[in-house]
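Undergrad: Have a look at this one.
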Amino acid sequence: MTLSNPRHIAVLKGGPSSEHEVSLRTGAAIAEALRASARGYEVTEIVVEGREVVLPAHVDFVFLALHGTFGEDGEVQSLLEKRGVPYTGSGIAASRLAFDKEASKDLFRSAGIPTPDGFILPKGTPFPSDYPLPVVVKPSRQGSTVGMSFVFEASEIAPALEKAWQFDAHILVERYIKGREFTVGILGDEALPLVEIVPKQGFYDYNNKYTAGATDYFCPAELDAAGHPYVLEVNTIPGMTATSLLPKAAAAAGLSFPTLCERILDLSEAVAVRNKFQSSLA
């Protein structure tokens, strides 16, 4: 069975995380795109309120639009695998590693990928007085810049720590790197055109991410040979709203939004088929 035949797709959106509202928008956009597809999908939108997922009968595939905890940390992936339901995106282990900024940083370093210096500060631990400023403070396991602060003065340290600890008992303190900000979408083995992110005011925080017109985006971004790149983090379920970056990059590569959603389904089904075959050999 291939995705070129009509299939019943369940789009999971909402979830228990602080990114619930953004996830609702992502899921609605995906469902609209799939219904517009010439492939004739049957699409059911499911709003997840807690950590229980109730799927309708005869669902062939789950399109994950859950951001943040439960959706991106391997939890819902584990739940679906136990039920034998295939889903889009990264698997359990990759989701856990990508969502945990501490684990991601360890992987970057071990692979020789440049990433800003930083350290983990458990809840209640004093900030080291000799650590140089400026720094960026953010929860180790959150997304969409939730709980993040930029610290330029010593007086800003305590409020930044308290803010981040509201969302995670472990926070990442990272050296602030002044420079241009880019994101690159990866679709299978293909790197999509770079998107440069230029907020009109301040930094690329939650409001500037999700407020229409608050940020300028340039895609494909222009790069010269100067400068030194740093990798900050990986996002396994990127936003798919009107202001989201992956759809912008896909459009620059000639992919419409419905086609992008179809490609994600195709790639995910190929992984699911391969995994099922490998399991049968074990």
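Undergrad: Any idea how many Lys pairs in the chain come in under 18 angstrom at the alpha carbon, given 8 or more places apart or on separate chains?
TA: For the chain, qualifying lysine pairs total 13.
Undergrad: Would you kindly find the accessible area of Met148, with a 1.4 Å probe and non-protein molecules such as ligands, DNA and RNA excluded, rounding to the nearest 10 Å²?
TA: Around 30 Å² of this residue is reachable by solvent.
Undergrad: In whole percent, what relative contact order does the range 111-259 give with Cα contacts below 8 Å and a gap of six or more residues? Intermediate values should be presented prior to the final figure.
TA: Working: 238 pairs, mean separation 32.0, N = 149.
Here the relative contact order equals 21 percent.
Undergrad: Residues with beta-carbon under 15 Å from that of Thr44, excluding Thr44: net charge, scoring Lys, Arg +1 and Asp, Glu -1?
TA: Summing Lys and Arg as +1 and Asp and Glu as -1 gives -1.
Undergrad: Right, something else. Which of the GluC sites (Glu not before Pro) found in the range 1-64 are in a DSSP loop and have at most 14 neighbouring Cβ atoms, other than their own, within 10 Å?
TA: Glu49, Glu52
Undergrad: Let me ask something else about it. Please sort by residue number the GluC sites (Glu not before Pro) in the range 186-276 whose DSSP state is loop and whose Cβ has at most 12 other Cβ atoms within 10 Å.
TA: Glu222
Undergrad: Taking the Cα centre as origin and putting +1 on Lys and Arg beta-carbons and -1 on Asp and Glu beta-carbons, what dipole magnitude results for the range 188-282, to the nearest 20 debye? List each step's numbers first, then the result.
TA: Working: 6 positive and 11 negative charges, 60 e Å.
Charge dipole of the range 188-282: 280 debye, to the nearest 20.
Undergrad: Leaving out ligands and nucleic acids, note down the accessible area per residue over the chain with a 1.4 angstrom probe, in whole Å².
TA: Result: 51 Å² per residue.
Undergrad: Could you derive backbone 3J(HN,Hα) for the range 223-228 from the dihedral phi with the Karplus parameters 6.51, -1.76 and 1.60 (θ = phi - 60°), listing whole Hz in sequence and x where the residue is Gly or Pro?
TA: Once rounded to whole Hz, the list reads 10, 10, 7, 7, x, 10.
Undergrad: Sort the range 84-220 into rounded, prolate or oblate with this rule: let a ≥ b ≥ c be the square roots of the eigenvalues of the Cα gyration tensor; rounded if a/c is under 1.5, and if a/c is not under 1.5, prolate when a/b is larger than b/c, oblate otherwise.
TA: oblate
Undergrad: In addition: Which of these, Ala31, Ala226, Ala65, has the largest mean-square fluctuation under a Gaussian network model of the chain (Cα springs below 10 Å)?
TA: Ala226
Undergrad: Would the range 16-65 count as rounded, prolate or oblate if I go by the C-alpha gyration tensor, calling it rounded below 1.5 in a/c and otherwise prolate when a/b exceeds b/c, oblate otherwise? All intermediate terms of the calculation are to be shown ahead of the outcome.
TA: Details: a/c = 3.31, a/b = 1.38, b/c = 2.40.
Cα axes put the range 16-65 in the oblate bin.
Undergrad: Could you give the angle, 0 to 90 degrees to the nearest 10, between helix 257-281's Cα long axis and the longest principal axis of the Cα atoms of the chain?
TA: Between the helix axis and the principal axis of the chain, the angle is about 80 degrees.
Undergrad: May I ask for the angle, rounded to the nearest 10°, between helix 101-110 and the longest principal axis of the chain, with both axes built from Cα atoms and the value confined to 0 to 90°?
TA: 80
Undergrad: Here's something else I'd like to know. Quick check for me: using +1 on Lys/Arg Cβ and -1 on Asp/Glu Cβ, what's the dipole size of the chain about its Cα centre, in debye to the nearest 20? Kindly include the intermediate steps, with their values, before the conclusion.
TA: Details: 25 positive and 34 negative charges, 81 e Å.
Roughly 380 debye, rounded to the nearest 20.
Undergrad: Right, another one. So which residue, out of Phe63, Phe119, Phe150, gets the largest mean-square fluctuation from a GNM of the chain using Cα contacts under 10 Å as springs?
TA: Phe119
Undergrad: Leaving out ligands, DNA and RNA, what percent of the accessible area of the chain is carbon and sulfur, probe 1.4 Å?
TA: 55
Undergrad: If you scale each eigenvalue of the Cα gyration tensor by 5 and take the root, what three semi-axes come out for the range 128-282, rounded to whole angstrom and sorted largest first?
TA: For the range 128-282, the semi-axes come out at 33, 22, 15 Å.
Undergrad: Add -39500 (n - 2.57) for each DSSP H run of 4 or more in the chain, then divide by its residues: what number comes out at 222 nm, to the nearest 500 deg cm²/dmol?
TA: Using -39500 (n - 2.57) per qualifying helix, the result is -10000 deg cm²/dmol.
Undergrad: In addition: Could you grab the relative contact order for the chain? Cα pairs under 8 Å, six or more apart, rounded to a whole percent.
TA: 19
Undergrad: To continue, here is another question. How much solvent-accessible surface does Val273 expose, in Å² to the nearest 10, with a 1.4 Å probe and all protein chains in place?
TA: Only protein atoms counted, so the area is about 90 Å².
Undergrad: HN-Hα J couplings of the range 171-186 from phi, Karplus 6.51/-1.76/1.60, θ = phi - 60°, integer Hz, Gly and Pro as x?
TA: Listing the rounded values in order: 10, 9, 9, 10, 4, 6, 10, 7, x, 7, 10, 10, 9, 10, x, 10 Hz.
Undergrad: Taking springs between alpha-carbon atoms closer than 10 angstrom, which of Lys163, Lys138, Lys82 fluctuates most in the Gaussian network model of the chain?
TA: Lys82
Undergrad: Can you tell me what percent of all Cα-Cα pairs in the range 7-140 are more than 26 Å apart?
TA: Everything past 26 Å amounts to 37 percent.
Undergrad: Taking R0 as 35 Å, what FRET efficiency do you get between Ala38 and Ala111 from their Cβ-Cβ distance, rounded to the nearest 0.05?
TA: Once rounded, the FRET efficiency stands at 0.30.
The values are calculated or read from the model by the stated rules, or taken from the named source; none is laboratory data. For clarity, every value in this text was computed on a predicted model and none was experimentally measured. As a convention, Cβ positions derive from the backbone with ideal geometry for all residues, glycine included, and neighbour counts pool all protein chains shown. Ligands, DNA and RNA are excluded from the accessible area calculation, which covers all protein heavy atoms including side chains. Shrake-Rupley method; radii C 1.70, N 1.55, O 1.52, S 1.80 Å.
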